[in-house]
1. Name the single residue that is farthest from residue 366 (Cα to Cα) among those in the range 305-329 being touching a helix residue (DSSP H, G or I) at 6+ places or on another chain (Cβ under 7 Å) and assigned to a loop (DSSP other than H, G, I, E, B).
2. Can you tell me which residue among 381, 311, 327 is without any contact (Cβ under 8 Å) to a residue 12 or more places away in the chain and not small (Gly, Ala, Ser)?
3. Within the range 111-146, work out how many residues are surrounded by fewer than 23 Cβ atoms within 10 Å (Cβ to Cβ) and not in a loop (DSSP other than H, G, I, E, B).
4. Return the only residue of 373, 304, 392 being within 33 Å of the chain's Cα centre (by Cα), surrounded by fewer than 15 Cβ atoms within 10 Å (Cβ to Cβ) and touching a residue at least 40 places away in the same chain (Cβ under 8 Å).
5. Applying the selection to the range 345-357, what residues are outside any loop (DSSP other than H, G, I, E, B) and charged (D, E, K, R)?
6. If you scan the range 197-217, which residues turn out to be touching a residue at least 60 places away in the same chain (Cβ under 8 Å) and touching a Phe, Trp or Tyr at 6+ places or on another chain (Cβ under 8 Å)?
7. Checking the conditions here, which among 276, 254, 311, 299 is over 18 Å from the mean Cα position of the chain (by Cα) and buried (at least 19 other Cβ atoms within 10 Å of the Cβ)?
8. Specify the residue that is most open to solvent (accessible area, probe 1.4 Å); the eligible residues are those in the range 147-158 that are more than 13 Å from residue 187 (Cα to Cα), part of a helix (DSSP H, G or I) and in contact (Cβ under 8 Å) with a residue 24 or more places away in the chain.
Amino acid sequence: MAESNLNLAGVPMRNRVIVAAGCHGADGDTIVETSREGVAAITTKTIVAQAVEDVRPCFAKVEGGFLNCVFGTTLPPEQWFDRELPRARDAGIPVIASLAGLSPEEAANLASQAVAAGATMVEMPTVCPHMGEILEAMFPGLTMPPPEVHDVAPYVANVQAVKAVVDVPVIAKFSSLFHANVVEWATAAEAAGVDAIACADAFGPVIKIDIETGEPALGGPRGAGGLTGPALKPVALRMILEMAQHVSIPLIGVGGISCAEDAIEYFMAGASFVGVVTAGHLEGAGAFRQIATGIDRWVAEHGYRDVSDFVGLTLRRIERRRQRGLVAITSPQIPIVDPDLCIGCGDCGGVCVYDAIEVGALGIAEPDPDKCYGCGVCRDVCPVRAIRFAYYD
């Protein structure tokens, strides 16, 4: 379902699903191949002035997420500008060049060459949580400072330098390490001239241990990596919600999008687009198409005209709570069970720490008003959405 006049910072988009920076943007051929999954745009792996090889192993699956210890691209920038970006244009959709310069001059030089080579937009990431100790191990004598999460000035300087030399939209890409002060970063980036903000990149450093060997699952000196995937979504979702209340530029929700419903949450929090990458690792590139078509299906099933009808819906719900004086309810409400939907599976009773709900004689869940704490867990474990609460009805 194509939305008329849909665009990101003036760039036409065929839907709202962008492939975020990662292996599905590893080179021009891969970008062309991935574009066949019906996505709106594809972001390159991060292009740097001096590419380095990744330590191996570089990926690990964890419960609820995915770890990686990769850097940006392993290809030299000259190859990107001479071959990969020109080839990527054959995809027929916008190509976003992710670029990381160590100085304003370096960032501007990379950006100008990328745009000349065919990049439709430029994305500027912030910090990588696991990069420092790996690079120090690879290059003895090198000293890497901890990731900068408080001082926005160096990043702003890079943004201003890039904006001065390119005439395409520039997207800021924030790390999830900014979760405590994301509004400060967002307002500073908007003031510096960025045209959109993508959020959030990996959290870390984190590790996984193979308990059969005791080895860290990832390579490098201590197996440190960044966490992406479903476990990151609640953090990134809250960051989008915070920024949506303070900036007017488009937001791209990134982090833990595995299905259409995840994307819907980001839209309701205030994002206009979503970026997906980990799902492509765990489920294959076909996951991108499934998410895009799933969004269309969800919109139709819920009677909306298009996604724009509910972008920022949660912000409006939060304001309504404030207006109605419902910002701090302390009295429990009893769950409402729909007898036509309940299948009597007992999942709700199995997780209730208050022993306040069980399947009754009629084969449906029955809450005990004398025991119920009104906590909400039964609602979330119900496989058929037969339980709801009326706190904000």
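1. It comes out as 306.
2. Working: 381 fails: without any contact (Cβ under 8 Å) to a residue 12 or more places away in the chain; 311 fails: without any contact (Cβ under 8 Å) to a residue 12 or more places away in the chain.
The match here is 327.
3. 12
4. Numbers: 373 fails: within 33 Å of the chain's Cα centre (by Cα); 304 fails: touching a residue at least 40 places away in the same chain (Cβ under 8 Å).
None of the others qualify; the one that does is 392.
5. Of everything in the range 345-357, just one residue is outside any loop (DSSP other than H, G, I, E, B) and charged (D, E, K, R), namely 347.
6. 198, 201, listed by residue number.
7. Exactly one residue qualifies, and that residue is 299.
8. Here the answer is 157.
The values are calculated or read from the model by the stated rules, or taken from the named source; none is laboratory data. Since we're looking at a predicted model, the values are computed, not measured. When we count neighbours, we look across all protein chains shown, and the Cβ atoms used for this are built from the backbone with ideal geometry, even at glycine. Calculation scope for accessible area: heavy atoms of the full protein, side chains included, ligands and nucleic acids excluded. Shrake-Rupley method; radii C 1.70, N 1.55, O 1.52, S 1.80 Å.
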